[in-house]
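> Structure below; questions to follow.
The values are calculated or read from the model by the stated rules, or taken from the named source; none is laboratory data. Quick caveat: nothing in here was measured; it's all calculated off a predicted structure. Neighbour counts are summed over all protein chains in view; Cβ atoms, including those assigned to glycine, are modelled from backbone coordinates with ideal geometry. Heavy atoms of the whole protein, side chains included, go into the accessibility calculation; ligands, DNA and RNA do not. Shrake-Rupley method; radii C 1.70, N 1.55, O 1.52, S 1.80 Å.
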Amino acid sequence: QVQLVESGGGLVQPGGSLRLTCVASGIDFSIYAMAWYRRAPGKQREMVAAITSGHTTKYEDSVKGRFTTSRDNAKNTLYLEMNNLKSEDTAVYYCYGQTPSGQGSWGQGTQVTVSS
């Protein structure tokens, strides 16, 4: 059974930093393409960052230069380092994993609130 569990969210002031973690179980993590999505209040879910099994990354334009995603296959863990956070980054952040055949799984989400 696939399980993705996010952690690391919280309340942070503008300009601050957070690191989100997604721990995977029940899967061969190393073959999964992984991604971080977010859903802000009143908005559609959007992809924030993605990383392939080969560690190639891509980012949504608004987070380029501020967010970095990485993975540690030995620990079955995906990370999202978020720096210089802005109020518009406030959202629920979700971990997503997809097999090479296209089968996807979601985590339960973690709330990130950027406010002074």
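> Mind listing the Cα extents of the chain along all three principal axes, in Å, largest one first?
Over the chain, Cα extents along the principal axes are 41, 25, 24 Å.
> Place +1 on the Cβ of every Lys and Arg and -1 on the Cβ of every Asp and Glu in the chain, take the dipole about the Cα centre, and give the residue among Q1, A24, W36 whose Cα lies farthest towards its positive end.
So the residue we want is W36.
> Could you give the nm distance between label points at D61 and K43, where each point is 7 Å from its Cα heading toward the beta carbon?
Label at D61, label at K43, 1.4 nm between them.
> Magnitude of the Cβ-charge dipole of the stretch 50-113, K/R +1 and D/E -1, about the Cα centre, nearest 20 debye?
Around 140 debye, computed over the stretch 50-113.
> OK, next. If eta is 0.692 mPa s and T is 37 °C, what Stokes-Einstein diffusion coefficient results for the stretch 57-96, Kirkwood Rh from Cα pairs, in µm²/s?
In µm²/s, the coefficient is 288.
> Please get the size of the charge dipole for the stretch 9-116, origin at its Cα centre, with Cβ charges of +1 on Lys and Arg and -1 on Asp and Glu, quoted in debye to the nearest 20.
100
> Same structure again: Carbon and sulfur atoms: what percent of the 1.4 Å accessible area of the chain do they account for?
Whole-percent figure for carbon plus sulfur exposure: 45.
> What accessible area per residue, rounded to a whole number of Å², is obtained for the stretch 1-67 using a probe radius of 1.4 Å?
Heavy-atom SASA per residue in the stretch 1-67 reads 56 Å².
> Sticking with this structure for a sec: For S7 and T77 in the same chain, what is the full-extension length gain: residue separation times 0.36 nm, less their Cα-Cα distance, in nm?
24.1 nm
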